[in-house]
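The values are calculated or read from the model by the stated rules, or taken from the named source; none is laboratory data. These numbers were taken from a predicted model, which means no experiment stands behind them. Cβ sites come from the backbone with ideal geometry, for glycine too, and all protein chains shown count toward neighbours. To get the accessible areas, we keep the full protein, side chains included, count just its heavy atoms, and leave off ligands, DNA and RNA. Shrake-Rupley method; radii C 1.70, N 1.55, O 1.52, S 1.80 Å.
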Amino acid sequence: MRTLLLAALLSAAVVPRGAAAEPKPKWEAGAGATGLRLPDYRGSDESRGYLYPLPYFVYRGKFLRLDREGLRGVLVESERVEFDLSLFGSLPVDSSKNLAREGMPDLDPVLEIGPKLNLTLWRDRPKDRRLDLRFALRAVIATDLKHTEDAGYVFHPHLYYDFRPELGGKWDASAQLGPLYGSERYHQYYYGVAPQFATAERPAYQASAGYSGLVTGGSLRRRFRNFWVGAFARYDALEGAVFEDSPLMKRRHYFAAGLAVAWIFAESKERVEVDD
């Protein structure tokens, strides 16, 4: 489960892309490692470092793909419109190691899955650049594989810019910007304080639905023959979020970053032309 969530979390940064209509292997496989620096949750003032082995796999099927967009099922695809399924995840939090949550239940690993509509606003194929307006709606499931909890849903409309930076060599990059909205159940999972867990420093709190902050992020990646390297960073501005007055909100911003490397040791002989 943790491997699946890690792959979802890093999906924007740990898979390659290339020029449109260039034949590529239908699948590629490899292995590597990734290092992450993540706050315990959005709004936490405590962060952790993580080092994990990283399975590297790319699949370019007609309807099912695992690529720079993450794991997705492509339902509709055209020059300007794409409709697919997207996946995202977050790692668990041990409340005994987080001062603000001490004495509260742990936060289980979270899996987010749902539809995503991509509208291409502008495209420059010769320079391999594209600007999309994207609408992602994902159901949120918290689970430790022993029990599962409905943790609400999130809605994330955002601009997504894909381009090749002028850094020398075939580097690929992407950036995104847009607000995040969450349901009452989603915000309650992270920021709610039930009466039985209230203390003098941590009063009971009931979260509400609404604005969940402004999300910005970017990734940079490059393939070197049989090796691949990628990095990502994400910054969320949480000022004005509906849960801003929660006693579990200790910081009005969120910053996460990671670096990954992989050795690609196998690929299919079959080549496909996929605009990825």
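Brief remarks follow.
- Along the chain, counting only GluC sites (Glu not before Pro) with a DSSP assignment other than H, G, I, E or B and at most 16 other Cβ atoms inside a 10 Å radius, the longest segment between sites is 103-165.
- Greater than 27 Å apart at Cα, pairs in 62/116; 26/116; 116/269; 26/146; 62/269; 116/250: 116/269; 26/146; 116/250
- Aspartates and glutamates with Cα under 20 Å of residue 97, excluding same-chain neighbours fewer than 8 positions away: 40, 45, 46, 106, 108, 144, 201
- On a per residue basis, the chain carries 49 Å² of accessible surface, using protein heavy atoms and a 1.4 Å probe.
- Within a Gaussian network of the chain (alpha carbon springs, distance under 10 Å), most fluctuating of 242, 110, 81: 81
- Overall form of the range 164-232: prolate. Here a/c, set by the Cα gyration tensor axes a ≥ b ≥ c, is 1.5 or more, and a/b is the larger of a/b and b/c.
- Of the trypsin sites (Lys or Arg not before Pro) in the range 199-276, the ones in a loop by DSSP (not H, G, I, E or B) with at most 10 other beta carbons within 10 Å are 225, 269.
- Mean residue ellipticity at 222 nm, helices only, the chain: -1500 deg cm²/dmol; runs of at least 4 DSSP H residues each add -39,500 (n - 2.57), and the sum is divided by the number of residues.
- Among 113, 98, 136 the positive-end extreme of the charge dipole of the range 77-223 (Cβ point charges): 136
- Overall, the accessible surface of the chain at a probe of 1.4 angstrom is composed of carbon and sulfur to the extent of 61 percent.
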